[in-house]
Structures are given as C-alpha cells and as structure tokens.
Ligand SMILES: [Zn+2]
C-alpha cells in the first residue's frame, strides 16, 4: 500500500511537471500529501486496517524525513548561491564611480543627453539573461557587452555548427563543434573584460526558469522554438521581469517588449497558441537572410538598453516589424488579452 501511495505521488509529480506546474507548487503538494497521511497514521490505532496496510507510521516518516532533508539541503545550497550572486552584484554596484578607462570607453553614451552618466551607471549595475546564443542572441550579446552591461547570463544547450556561422557573428570558424555558451563567453571577454558572464550550458525548462529569471533585471528571448518561448513568457510573468522578445523568418523579423506587470501584454496575449505545424518555418527549413539577424537582434539590444538606462520610450504594447525583402518597417499596437491564460490569472 505504501508503495502504491508513493508511486501515485511520483506519477502526479511527473504529470504536473508535464502540464507546466512549477517545481515549488509540486513540492508543496507532495509535502502536504505526506503530512496528511502521516498525521492520519499517527492518530488512528496501529491495529487499524489502513495503518496495517501502510506498515505503520515509521516507513512513511522515514520517507518524509529523507525528502525533507533533501529539500532543506537544496534550499540551503540555493541560499548560499544567491548570497554569492549578491556578493557579485555588490561588487558591481559598489563601483559607482567610472574609472578613466570606462569614462573613455563609454564616452559616446555618456554624452548622449537622453542617456548620460546616470544611464550608463544603470547599464553597468544591471543584469540581463539572454535565452539562446543564436542568430538573435549573437548581436544582442555583442551590443550589450560592448555597452558595458554588468552581468550577462546566457542559456543555450547547443553546439556551434557550420551552418550557424552565416549569421551568428560571434562565432569564428574554429569554434564549430564547441558548446555555444562557452564560445559566447570567449567572445564577450574579448569584447569587454569588465562584463561578468554567467554561462548556463543547458536547455531552459519550467523547473529552473523562475529561479534563474529572478536573478536578472531583463530577460531576452532569442530562441527558435515555441516551447521555450511559452516557458520564458510564463516565468517572466511570475517573476515580473521585462521580456524583450524577437523572432526571425526568412526575410522578416519582429520585436516587442512584453511586461504584464507594467500593463502591457505578454507573449501569450498576442500568440495564445503556437502556429500549426508547417506554418512557421525554422531557419533550417525556410532559410534566413544573414543581416536580418543583425537588424532584429540590434533592435532587441536597443530596447534592452533603453529599459536598463531608463531612457526613451520602449516597445511596450507595440510590435516592430521589419521586412528586409521590401525594405519596409512598421509598428502595430498590441493589447493585453483579458482572458489570457498566462497573465490574466
Ligand atoms: Zn497575457
């Protein structure tokens, strides 16, 4: 009976994970279930048929103790890790004065009246997570690193392939076959050694998204698959982070800034469901015009740096669309969906 109960808990844990329920909620569910059954076993006589079938309270208490210990250990590690990140951030934040090198390096930003020294200071004290070191991630990485963003996190599980090089301009030919995140770290260090880079050599999933997002000021979605886009959107909504989102297709690209916590729509308000199979071609299926990555990625970097430096107006509630084949661009208004399954709850 106890095995059946534990199997049931494992199966519901896996099913809830498959349906996108966060790890924290699933953890709470497991502990409440264990505590309810354990308390019941402690309250009823040991001769009760349920107690007998469960082997008494001791086996379940042991399982609860092991799980509780594991949970506490993970929590302890997380606190330690956050503390070390805080120390990293404190290092960045304490250096509120620019060195002579930085004054010269960022002088063309500092003399922009809309950005100025204060805006550059905000950029230096900020942190950005880039999801996907591909066609969009590459130009974003270049401009954010060159602009002196304090902390840049990059998450990607892919390797550099020969067909990437036509548009993913941070990777030289000799990096083919290497993990993208580590090649990206090299590229950033060569560009600007002041940037603190955090590589995540893995695929983003719903179990880790909220925890990672909570450590950054702005999230950049430069992925090429819809599953990751919806995971990023849900986690950005929960953690109340700006989501700068870009997409590419053959000759056309689009950019928007999603932020339901600022009254703007989220990604799912505009795209409630992924397109039907075959309607949205990936780069490998439909091709992509090389400099289009640069145009759209650069617009994403523009939006990110404006958010960080608090200058100008961003693309909140608007979508910028660029058609490279016709040389046309336009902006459309996008509105929150009151019935959005992600941000209206
Ligand atoms: Zn929404």
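Mean separation of Cα pairs under 8 Å and 6 or more residues apart, divided by the residue count, gives the chain a relative contact order of 15 percent. Here the calculated FRET efficiency for residue 114 and residue 12, from their Cβ-Cβ distance with R0 = 30 Å, stands at 0.05, rounded to the nearest 0.05. Only helices enter the 222 nm calculation for the chain: every DSSP H run of n ≥ 4 contributes -39,500 (n - 2.57), and dividing by all residues gives -15500 deg cm²/dmol, rounded to 500.
Computed from Cα atoms, the angle from the helix 226-239 axis to the main principal axis of the chain rounds to 80 degrees. If you take the square roots of the eigenvalues of the alpha-carbon gyration tensor of region 161-207 and sort them as a ≥ b ≥ c, do you get rounded (a/c under 1.5), prolate (a/b over b/c) or oblate? Oblate is the answer for region 161-207, as a/c is 1.5 or above yet b/c matches or exceeds a/b.
The angle between the Cα long axis of helix 58-94 and the main principal axis of the chain comes to about 20°, on a 0 to 90 degree scale. Let's test the formula: R0 of 56 Å, r as the Cβ-Cβ distance of residue 338 and residue 52. What FRET efficiency results, to the nearest 0.05? Calculated value: 0.55. Rank the residues 333, 262 as a footprinting-exposure proxy: fewest other Cβ atoms within 10 Å of their Cβ go first. By the 10 Å Cβ count, ascending, the order reads 333, 262. Sorting 265-271, 58-64 by their mean Cβ neighbour count within 10 Å, with the most densely packed peptide first, gives 265-271, 58-64.
Helix 290-309 and the long axis of the chain differ in direction by around 70°, with both axes built from C-alpha atoms.
Please state the shape class of region 126-333: rounded when a/c is under 1.5, otherwise prolate if a/b exceeds b/c and oblate if not, all from the C-alpha gyration tensor. Verdict is rounded for region 126-333. Estimated from the Cβ-Cβ distance and a Förster radius of 41 angstrom, the FRET efficiency linking residue 178 and residue 29 is about 0.50. A simple packing score, the average count of other Cβ atoms within 10 Å per residue, orders the peptides 228-241, 132-145 as 132-145, 228-241, with the highest score first.
Bear in mind these aren't lab numbers, they're just calculated from the coordinates by the rules spelled out. Note that the structure is a prediction, hence the values are computed from the model and not measured. Don't worry about glycine lacking a Cβ; one is built from the backbone with ideal geometry, like all the others, and counts go over all protein chains shown.
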